[in-house]
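**Q** Just dropping this structure here.
The values are calculated or read from the model by the stated rules, or taken from the named source; none is laboratory data. Note that the coordinates shown come from a computational prediction; the quantities given were computed from them, not determined experimentally. Note that we place each Cβ from the backbone using ideal geometry, even for glycine, and neighbour counts take in every protein chain shown. Note: accessible area is taken over every heavy atom of the protein model, side chains too, but ligands, DNA and RNA are not part of it. Shrake-Rupley method; radii C 1.70, N 1.55, O 1.52, S 1.80 Å.
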Amino acid sequence: MDAPNKEFALAGSLEELKTKGRLVVHGNHRPILVICDRGQVFALDNRCPHMGFPLERGSVDDGILTCHWHHARFDLESGCTFDLWADDIPICPVEIRNGDVWVKTTFGQADSAAHWRKRLADGLAHDLGLVIAKAVHGQLVADVAQADIVRQVALFGAQNRDGWSAGLTILTALANLLPALPEEEVYLALFHGARRVATDCDGQAPRHGRAPLESRPDPAALKRWLTRWTKVRHREAAERTLLTAIGAGLSPALLADALLAAETERAFADTGHSLDFINKAFECLDLIGWEHAAALLPTVVGQMVAARGAEESTAWRQPVDLVALCDQTIGQLPELIAVGRGVHGWSDHAALARDLLGEDPFRIVEALKAAIRAGAAPAHLGRSLAYAAALRVARFGSANEHSDWETAHHAFTYANAVHQILERIGTAEIEGQVTAVRAVLHGAMALYLTRYLNVPPARIPGEGGEQLDDLPTDPRMIRATLLDAFDRQRQVDLAAKLVARHLMLGHPPQALIATLAHGVLREDAGFHAYQMLEAGVRQFNVWGATEEGRHILIAVARYLAAHSPTERAALQTADIAMRLMRGGELHQQGG
Ligand code: FES
């Protein structure tokens, strides 16, 4: 007998089904399980949505299908799971024709994008890694724009937790890197970002938004008020002020200027995380659209007003009072900036960076002052600071404790955030520039305090004419060896040499960056590894394939090598989800 149409396949006779209780239909489609239960016929994907165990081996009782691998239970009629971690089973239509059972062999939804969007919402709400992975994959296959997926996750993260989170930073960092990633890594990057946001929100109280003021104060007043409320740790007032500024249509540059002024009331607050979060919130809005500013930007205020400044730390006060040194310098800035205004073409970024790594805080400050006098804009100073901080990581000595990597990392990611936010603000009036330079001064002092991390300094491969000829020359081989180095512990120096080798031979940096990203995305990477990767790539892009650019990627590789390998459990989840989505029979396949 012919099928009702080509999408249907014959499962067998109804009589046979009643006798056997279940049949499995194979073909050029996923295996389909057909079950007769209490006189009704149902057809489902035979692969358990959890990890692919054949459901034909499960049991049915009272309309409930139980998988016998991890005992997830499902409503036979709808395929919906009673155990959320397992996900729902796709079902397909059944028709009885002349005593035969026909099943439709396609499982697709009428609106695939909407279906996977809903599934991503479910996965985020219940922190279900497998569901999140499938939903991200499903949306990508349905041609949903990457930015739309980032937007959905970012807004979920902003609404379901009372404040910006590390997960939102990871999401933004990875979303920034998407253009540098090969297609197969995009799925993994979005999955990691989404799952980390979901984990941060799990068990948290949702955010209760506040309203802007009903007046329209001028931007200068709003900036003053934001600083005032931050100083006295008045969160509600600071949030309402920020919302008012957003509602008044202040440009991203003016909003950044106002937040930077408030933020730098405390030096290197929360070891730089507070400013980094602010910068990431701006970058997130660049990705998802500034129409979401009122939903997203106020999430940074809670940490900003509560953050602990370095001025409360002994190391910043003794034996040299670095806070007083900064304050004294800030008092001199209007005059210095006025002198530098008429000078153009400053480009001594690398030389200033080396001065910033000096042993004497007074000379460091003098170097900054000289650069300002010579026409260096705040963003120029930020670029030098970021390169100097990258050099600190690149020269991180093996005699340090492992936890000291994070000290080096904090200075680098803060410096990168300062640089990015100063680029955003651009050339402001002198008062704005004073605030901007204050952020650089704080970063320079934080970097000065980490000088012990380079005692003795690790050698940077390629320096002094070193050729590294014992390493491969083929770019693919270099990158494969780099990944192999990440597979083993304590391969920091080898990873640095391989990166140096790749770049010194003139091989394309994009492929190397994709390899570094792969090295992170396959791990259960910590928050800092994502930050280090993304900040490093951003700074590399500023310098390009130069000696300085090479130093920056060496810093990234050294940090990543020091934190690899991990369990790679998340990669396994992503892999299972992808294979299930592609119709694979996991139970029949190897890893
Ligand atoms: S519950 Fe079915 S495979 Fe895990």
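**Q** Please compute the contact order of the chain in relative form: average sequence separation of alpha-carbon pairs under 8 Å and at least six residues apart, divided by the residue count, as a percent.
**A** Relative contact order of the chain: 12 percent.
**Q** Evaluate Rg over Rh across the range 149-234, taking Cα atoms for both radii and Kirkwood's formula for Rh.
**A** On the way: Rg = 17.0 Å, Rh = 15.1 Å.
Using Cα coordinates only, the ratio equals 1.13.
**Q** Let me ask you something else. Using only the alpha-carbon atoms, how far is helix 183-201 inclined from the longest principal axis of the chain? Give it as 0 to 90 degrees, nearest 10.
**A** 80 degrees
**Q** Pairing the Cα long axis of helix 112-126 with the longest principal axis of the chain, what angle in degrees results, from 0 to 90 and rounded to the nearest 10?
**A** Around 70 degrees separate the two axes.
**Q** Using modelled amide H (1.01 Å from N, peptide plane; none on Pro or chain starts), what sits under 5 Å from the amide H of residue 213, excluding residues fewer than 5 places away?
**A** When sequence neighbours closer than 5 places are left aside, the close amide H contacts are 244.
**Q** Which cross-chain or sequence-distant (5 or more) residues have an amide H under 5 Å from the amide H of residue 568, H modelled 1.01 Å from N in plane?
**A** So residue 568 has HN proximity to 524.
**Q** Work out the length of the dipole vector of the range 187-256 about its Cα centre, built from +1 on the beta-carbon of each Lys and Arg and -1 on the beta-carbon of each Asp and Glu, and round it to the nearest 20 debye.
**A** Numbers: 12 positive and 6 negative charges, 53 e Å.
So the dipole magnitude of the range 187-256 works out to roughly 260 debye.
**Q** Please state the charge dipole magnitude for the chain, taken about the Cα centre, from unit charges on C-beta atoms (+1 on K and R, -1 on D and E), reported in debye and rounded to the nearest 20.
**A** Numbers: 58 positive and 71 negative charges, 127 e Å.
That gives a dipole near 600 debye.
**Q** OK, next. Please work out the average accessible area per residue across the range 296-370, using the 1.4 Å probe convention, and give it in Å².
**A** Details: 3570 Å² over 75 residues.
Heavy-atom SASA per residue in the range 296-370 reads 48 Å².
**Q** Per 5 Å bin, what percent of the C-alpha pairs of the range 471-591 does each bin hold, from zero upward?
**A** 2, 12, 21, 21, 16, 11, 8, 6, 2, 1, 0
**Q** Hey, another quick one. Report the semi-axes of the equivalent ellipsoid for the range 319-384 in whole Å, largest first, where each axis is √(5λ) for an eigenvalue λ of the Cα gyration tensor.
**A** Details: eigenvalues 79, 48, 12 Å².
Ellipsoid semi-axes (Å, largest first): 20, 15, 8.
**Q** Would you grab the residues whose amide H sits under 5 Å from the one on residue 268? Only those 5+ places off in sequence or on another chain, please, with H modelled 1.01 Å from N.
**A** Under 5 Å from the amide H of residue 268: 310.
**Q** Same structure again: Computed over the Cα atoms, what is the radius of gyration of the chain divided by 2.2 N^0.38 Å, N being its residue count? Mind dumping the intermediate values first?
**A** Values: Rg = 28.2 Å, N = 591, 2.2 N^0.38 = 24.9 Å.
The chain yields a ratio of 1.13.
**Q** So, one more: Would you mind checking the radius of gyration and Dmax of the range 194-334 based on alpha-carbon positions, in Å?
**A** When restricted to the Cα atoms of the range 194-334, Rg and Dmax are 16.3, 49 Å.
**Q** Listed highest first by mean packing, meaning other Cβ atoms within 10 Å per residue, what order do 44-50, 289-295 come in? Walk me through the numbers before you get to the answer.
**A** On the way: 44-50: 24.4, 289-295: 15.0.
Highest-to-lowest ranking by the protection proxy: 44-50, 289-295.
**Q** Now for a separate question. Cα gyration tensor of the range 385-435, axes a ≥ b ≥ c as square roots of the eigenvalues: rounded (a/c below 1.5), prolate (a/b > b/c) or oblate?
**A** Details: a/c = 3.85, a/b = 3.36, b/c = 1.15.
It is prolate, given that a/c is not under 1.5 and a/b is the larger ratio.
**Q** If you filter the range 485-591 for trypsin sites (Lys or Arg not before Pro), then keep DSSP loop positions with at most 14 other Cβ within 10 Å, what is left?
**A** Numbers: sites: 488, 490, 497, 501, 522, 538, 550, 558, 568, 579, 582; in loops: 488, 490, 522, 568, 582.
Filter output for the range 485-591: 488, 490, 582.
**Q** Also: Using DSSP to define loop residues, name the GluC sites (Glu not before Pro) in the range 358-417 whose beta-carbon has at most 14 other beta-carbon atoms within 10 Å.
**A** On the way: sites: 359, 366, 401, 406; in loops: 359, 401.
Taking the range 358-417 and a limit of 14 other Cβ atoms within 10 Å, the loop GluC sites (Glu not before Pro) found are 359, 401.
**Q** Note the angle between two axes, namely the Cα long axis of helix 361-373 and the longest principal axis of the Cα atoms of the chain, as a number of degrees from 0 to 90, rounded to the nearest 10.
**A** For 361-373 against the chain, the angle is about 90 degrees.
**Q** Are there any chymotrypsin sites (Phe, Trp or Tyr not before Pro) in the range 79-109 that are in a DSSP loop and have at most 12 other Cβ atoms within 10 Å? List them by number.
**A** On the way: sites: 82, 85, 102, 107; in loops: 82, 107.
Here the chymotrypsin sites (Phe, Trp or Tyr not before Pro) that fit, given the DSSP loop and packing criteria, are 82.
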